[in-house]
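First the structure, in the form of C-alpha cells, and then the observations on it.
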Amino acid sequence: MNKIKIIYLLLLFLTATSANCQNYKIVNAAGAHKLIKDNHSNDNFYIIDSRPISHYEKGHIPGAIHIDPFNEASAKKLLEMDKEATYLIHCRTRNRVFRLLRIMTQIGFSDITVLTEGWVGWVNAGYDVAYPGD
C-alpha cells in the first residue's frame, strides 16, 4: 500500500506544473501574519516554505517547515501530514508555491492559504525571520 502512495506522489510530482485548484485562499504578508497570530496556539496549523533548502537555511518564517515540491524525497513528507490541518504555504515569489499547492490539493489537503507575496513580501513587510537553530 505504501508503494502505491509513493508511486502516486511521484506521478503528481512529475506532472504538477501549475495550480489549477479552486480550494485555497490567498493572502498578502499582512494577511499571513494575522493568520499566524490567529493560529498561534493551534497544533493543527503549519507553515510550509517551498523555497530551495539553501534559501530556507538562510532564514524563514518562524515555525515554518521545509518541503521542496521539486524534490521527490522532500515532497514525500506530505504523505505523512494531516490533510485536515490548516496550512500557510509560500515560496520566494510564487513560482514553487503553486506546484506545491497542486500536489497538496491532488492528494487531499483542503485548508490551504497561499502567501502570494512570498518570502520577499514577508521580509519587505518587516516581519520576524527565524534561522536554523533558533
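Residue count for region 34-62 satisfying the condition of being outside any helix (DSSP H, G or I), more than 16 Å from residue 121 (Cβ to Cβ) and among the basic types (Lys, Arg): 1. Of all residues in region 50-62, count the ones that are among the small types (Gly, Ala, Ser), farther than 21 Å from residue 35 by Cα and either buried (at least 16 other Cβ atoms within 10 Å of the Cβ) or modelled with pLDDT under 95 (or both). Here the count works out to 0. Of everything in region 63-82 that is of a type in the set (D, E, K, R) and outside any helix (DSSP H, G or I), the residue that is surrounded by the most Cβ atoms within 10 Å (Cβ to Cβ) is 68. Only one of the numbered conditions (1) closer than 13 Å to residue 115 by Cα; (2) charged (D, E, K, R); (3) in contact (Cβ under 8 Å) with a residue 60 or more places away in the chain is not met by residue 94, and that is (3). Remark: pairs (first residue in region 105-133, farther than 14 Å from residue 92 by Cα; second residue surrounded by fewer than 16 Cβ atoms within 10 Å (Cβ to Cβ) and of a type in the set (Lys, Arg); Cβ separation under 6 Å; 6+ apart in sequence or on different chains) = 108/83; 109/83; 113/25.
Condition first: in contact with a Phe, Trp or Tyr (Cβ under 9 Å, 6 or more places away or on another chain), farther than 18 Å from residue 39 by Cα and not in a loop (DSSP other than H, G, I, E, B). Can you find one or more residues in region 84-93 that meet it? Within region 84-93, not a single residue is in contact with a Phe, Trp or Tyr (Cβ under 9 Å, 6 or more places away or on another chain), farther than 18 Å from residue 39 by Cα and not in a loop (DSSP other than H, G, I, E, B).
Yes or no, residue by residue, for (1) small (Gly, Ala, Ser); (2) surrounded by fewer than 13 Cβ atoms within 10 Å (Cβ to Cβ); (3) out of contact with any Asp or Glu (no Cβ under 7 Å at 6 or more places or on another chain); (4) at pLDDT below 95:
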{"site": "19", "(1), (2), (3), (4)": "yes, no, yes, yes"}
{"site": "35", "(1), (2), (3), (4)": "no, no, yes, no"}
{"site": "39", "(1), (2), (3), (4)": "no, no, yes, no"}
{"site": "42", "(1), (2), (3), (4)": "no, yes, yes, no"}
{"site": "48", "(1), (2), (3), (4)": "no, no, yes, no"}
{"site": "101", "(1), (2), (3), (4)": "no, no, yes, no"}
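Of the residues making up region 114-134, those that are under 25 Å from residue 72 (Cβ atoms) and surrounded by 15 or more Cβ atoms within 10 Å (Cβ to Cβ) number 4.
The values are calculated or read from the model by the stated rules, or taken from the named source; none is laboratory data. What you see is a predicted model, and the numbers here were worked out from it, not measured in a lab. Methodologically, a virtual Cβ is constructed for each residue, glycine included, from the backbone with ideal geometry; neighbour enumeration extends over all protein chains shown.
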